[in-house]
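Q: Can you read through this structure? Questions will come right after.
The values are calculated or read from the model by the stated rules, or taken from the named source; none is laboratory data. Just so we're clear, the structure is a prediction, and the values are computed from it rather than from any experiment. Because the Cβ atoms are built from the backbone with ideal geometry, glycine has one as well, and the counts that use them run over all protein chains shown.
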Amino acid sequence: MKYNRIWNFNPGPAAVPLEVLEHMHDNWFNYQNTGMNLMEWSHRSKEYDAIHNETVSLIKKLLGLGDEFHVLFLQGGASTQFAMIPMSFLLDGKTADYVNTGSWSVKAIKEAKLFGNVNIAFDGSEVNYIHIPKQDELKLTDNACYVHLTSNNTIKGTQFLDFPDTGDVPIACDMSSDFLSHRFDPKPFGIIYGGAQKNLGPSGVTLVILRDDFFKTARSGITSMLSYGTHVDKNSLFNTPNTFGIWFMNRVLKWMDEMGGLAAMEERNRQKAHILYGFMDDNPDFYRGTVEKDSRSWMNACLRLPNEDLEAKFVAEGKAAGFNGLKGHRSVGGIRVSMYNAIPPEAIRDLVEFMKDFMAKNG
Ligand SMILES: Cc1ncc(COP(=O)(O)O)c(C=O)c1O
């Protein structure tokens, strides 16, 4: 492969499009004939400002967001959002609903409980997180401040491809591991957040999308850096943002746009899931999926082999054959194939060939 690269199935930080790496490389020493790298420019310079504002516009374009949405670039990862959201939006005497579909939801719930009443609207731990709740499994509170969801469960490999109906209650959604991977209607979402390090570029930038009417429900008196108002008022330039990460994200978004936007990402991700899960379903005695079929993630496919020795052999031989990052999360074991936007269908076809060969030798 070009530059001796290999297929990278890491769960995050994860693969980025080669075209983006090439662009960064070509612009590294002398950004647009300015004689400097963009990272060496002030975050208040016109050179950086152009990239900053263009990145906001690209997010809005790709997601089809109207003027009622604010786009913010924060720091501290999704993990800081777990706390910032209830700190601002879980109001005194009211309740927030949390849907528990895996360990990232559990972390969000733990933070929310520090700030107020939390109702667990669905407890996936009772079914070992093998499925995403159907509408009638959700026990929603009337008049909740928000309903929190984790759209894609990176560790267990389940995903909401359609979102539940929460009526007038805004959805607060952790989209860390499937941001911009398929089309959806953003209107029911009060806030969407996620780290960039899976679908959007390098670690260190947290993308937050905030609907204005929900934003206006935030409690006041919160310390500046943890208050959404600070960042909305200053267009994410209250303090020094991660200029490198935002520049990199800008290029990833341009790549998505040039590829055909979210419709194209969706088609690409559907194809990859179809190839991999189709092969697993044809060989269920050797490659056993770990979650219910209609809850399967298009981003992270989790599977088991007949025993742990074979799994270790699969990971080691896979790596030697040029397939990196196939080991399941340490809390669940097995195999995990993370196939974010940057992974082309060709990578999954190559992986399936390797899987066929491995099964023939070890089955
Ligand atoms: C779904 C999900 N939420 C949250 C996180 C934590 O994100 P961060 O490391 O940006 O705080 C991750 C990290 O993998 C994740 O996959």
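Q: Condition test on PRO133, is it more than 11 Å from the ligand (Cβ to nearest atom), touching a residue at least 24 places away in the same chain (Cβ under 8 Å) and under 21 Å from ALA301 (Cβ atoms)?
A: In short, yes.
Q: Related question: Take residues that are of a type in the set (D, E, K, R) and tell me which of the helices (runs of 4 or more DSSP H) falling wholly in the range 222-314 contain 3 or more.
A: Ranges flagged: 243-259, 261-282.
Q: Next up: Might you check whether a residue that is surrounded by fewer than 16 Cβ atoms within 10 Å (Cβ to Cβ) and either over 15 Å from MET175 (Cβ atoms) or within 16 Å of the ligand (Cβ to nearest atom) (or both) occurs anywhere in the range 111-118?
A: Yes; the residues of the range 111-118 include at least one that is surrounded by fewer than 16 Cβ atoms within 10 Å (Cβ to Cβ) and either over 15 Å from MET175 (Cβ atoms) or within 16 Å of the ligand (Cβ to nearest atom) (or both).
Q: For residues in the range 320-335 being touching a strand residue (DSSP E or B) at 6+ places or on another chain (Cβ under 9 Å), modelled with pLDDT of 95 or more and surrounded by fewer than 18 Cβ atoms within 10 Å (Cβ to Cβ), which is farthest from LYS356 (Cα to Cα)?
A: ASN324
Q: A further question follows. So, in the range 1-16, exactly how many residues are within 16 Å of the ligand (Cβ to nearest atom) and either aromatic (Phe, Trp, Tyr) or outside any loop (DSSP other than H, G, I, E, B) (or both)?
A: The number of residues fulfilling the criteria is 2.
Q: Restricted to the range 154-167, and to residues that are more than 16 Å from the ligand (Cβ to nearest atom) and among the charged types (D, E, K, R), which residue is farthest from the chain's Cα centre (by Cα)?
A: Filtering the range 154-167 for residues that are more than 16 Å from the ligand (Cβ to nearest atom) and among the charged types (D, E, K, R), the one farthest from the chain's Cα centre (by Cα) comes out as ASP165.
Q: I'm trying to understand the selection: among the residues of the range 185-221, which are part of a loop (DSSP other than H, G, I, E, B) and within 16 Å of the ligand (Cβ to nearest atom)?
A: Once the filter is applied, which keeps residues that are part of a loop (DSSP other than H, G, I, E, B) and within 16 Å of the ligand (Cβ to nearest atom), the range 185-221 yields ALA196, GLN197, LYS198, ASN199, LEU200, GLY201, PRO202, SER203, GLY204, VAL205.
Q: Any residue in the range 191-215 that's without any contact (Cβ under 8 Å) to a residue 24 or more places away in the chain: show its pairings with residues that are away from the ligand (no atom under 11 Å from the Cβ) at Cβ separation under 7 Å, as long as the two are six or more apart or on different chains.
A: Sorted first by the residue in the range 191-215, then by its partner, the pairs are ILE192/ILE209.
Q: Using the structure shown, decide if GLU19 is more than 16 Å from the ligand (Cβ to nearest atom), within 29 Å of ILE222 (Cβ to Cβ), of a type outside the set (Ser, Thr, Tyr) and in contact (Cβ under 8 Å) with a residue 60 or more places away in the chain.
A: no
Q: Among the residues of the range 138-153, is there at least one that is surrounded by fewer than 24 Cβ atoms within 10 Å (Cβ to Cβ), of a type outside the set (D, E, K, R) and within 16 Å of the ligand (Cβ to nearest atom)?
A: Checking the range 138-153: not a single residue is surrounded by fewer than 24 Cβ atoms within 10 Å (Cβ to Cβ), of a type outside the set (D, E, K, R) and within 16 Å of the ligand (Cβ to nearest atom).
Q: Mind listing whichever residues of the range 183-206 are of a type in the set (A, V, I, L, M, F, W, C) and touching a helix residue (DSSP H, G or I) at 6+ places or on another chain (Cβ under 7 Å)?
A: ILE191, ALA196, LEU200, VAL205
Q: Here's something else I'd like to know. From the residues in the range 52-89 that are outside any strand (DSSP E or B) and under 12 Å from SER236 (Cβ atoms), which one is farthest from the ligand (Cβ to nearest atom)?
A: Filtering the range 52-89 for residues that are outside any strand (DSSP E or B) and under 12 Å from SER236 (Cβ atoms), the one farthest from the ligand (Cβ to nearest atom) comes out as ASN53.
Q: Something else now. Please enumerate the residues belonging to the range 258-291 that are over 21 Å from the mean Cα position of the chain (by Cα), of a type in the set (D, E, K, R) and more than 14 Å from VAL352 (Cβ to Cβ).
A: Matches in the range 258-291: ASP285, ARG288.
Q: So MET299 ticks every box in (1) touching a Gly at 6+ places or on another chain (Cβ under 9 Å); (2) without any contact (Cβ under 8 Å) to a residue 12 or more places away in the chain but one. Which box is left unticked?
A: (2)
Q: While we're here: Output the residues belonging to the range 84-102 that are buried (at least 18 other Cβ atoms within 10 Å of the Cβ) and among the small types (Gly, Ala, Ser).
A: Matches in the range 84-102: SER88, ALA96, GLY102.
Q: Restricting to the range 96-110, and then to whatever is among the polar types (S, T, N, Q) and touching an Asp or Glu at 6+ places or on another chain (Cβ under 9 Å), can you tell me which residue is farthest from the ligand (Cβ to nearest atom)?
A: Among those residues, the one meeting the criterion is ASN100.
Q: Within 16 Å of the ligand (Cβ to nearest atom) and either touching a Leu at 6+ places or on another chain (Cβ under 6 Å) or under 24 Å from PRO11 (Cβ atoms) (or both): is that true of SER236 in this structure?
A: It is false that SER236 is within 16 Å of the ligand (Cβ to nearest atom) and either touching a Leu at 6+ places or on another chain (Cβ under 6 Å) or under 24 Å from PRO11 (Cβ atoms) (or both).
Q: Within the range 171-190, track down each residue that is touching a residue at least 40 places away in the same chain (Cβ under 8 Å) and either surrounded by fewer than 24 Cβ atoms within 10 Å (Cβ to Cβ) or over 18 Å from ASN100 (Cα atoms) (or both).
A: Listed by number, the residues that qualify are LEU180, SER181, HIS182, ARG183, PRO186, GLY190.
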